[in-house]
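Each value in this text was obtained by applying a stated rule to the coordinates, not by laboratory testing. What you are looking at is a predicted structure, and each value in this text was computed from that prediction instead of being measured. Please note: Cβ atoms are built from the backbone with ideal geometry, for glycine as well, and neighbour counts cover all protein chains shown.
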């Protein structure tokens, strides 16, 4: 059983430059994330990919009173992954109910149960956006009792100042920040 898992957070077309809700330069981490996927897979770690998987009428959309433009709608090109996931990757869909927002890959999903069932003790996190879904996923992973590592060279935030604050908050909560592996 794998003791480690790589959690790839929201590496979706709508979060890349040209998408509906782009993370500036988010596409620059794609090669690094793909490298981590390859390396973790080679050592037998579980590969998990979270995704926003919104219904067309999701509460987070501006036209429905939410803060964000329409993005990552289920079964649309914007919701597609932009990284090379293995066929056996565990896909975690979040924010799938119209009236519930979810930034964390653990919120409203069975991610914690899957990880524990597979014997995972350590999780390594990469993806976008650092100060939103990456941070929420990392903090929840700590709350669920996992040893958590942030792969700093494979995350991208929206605003540098906010990203640094988020990284400090994660570190204070017990997330270990790794410059790279």
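Once you have the Cα-Cα distance between residue 84 and residue 144, take 0.36 nm times their residue separation minus that, and quote the gain in nm to one decimal.
18.9 nm
Kindly provide the helix-only [θ] at 222 nm of the chain, computed as the sum of -39,500 (n - 2.57) over DSSP H runs of four or more divided by all residues, to the nearest 500 deg cm²/dmol?
Counting only the DSSP helices, I get -7000 deg cm²/dmol.
How far, in degrees from 0 to 90, does helix 30-42 lean away from the longest principal axis of the Cα atoms of the chain, to the nearest 10?
The answer is roughly 40 degrees.
Considering only C-alpha atoms, what is the centroid distance from the range 101-168 to the range 1-80, in Å?
Centre-to-centre (Cα) distance: 12 Å.
Please compute the length gained on full extension between residue 30 and residue 172, using 0.36 nm multiplied by the number of residues separating them and subtracting their Cα-Cα distance.
Fully extending the segment from residue 30 to residue 172 adds 48.4 nm.
Please tell me the relative contact order of the chain in percent, rounded to the nearest whole number, where contacts are Cα pairs under 8 Å and at least six residues apart.
Reported as a whole number, the value is 25 percent.
Quick one: helix 160-172 against the long Cα principal axis of the chain, what's the angle to the nearest 10°, folded into 0 to 90?
Here the helix axis deviates by roughly 40 degrees.
Note down the nm distance, to one decimal, between modelled labels 7 Å out along Cα→Cβ at residue 76 and at residue 96.
Using points 7 Å along Cα→Cβ, the separation is 1.9 nm.
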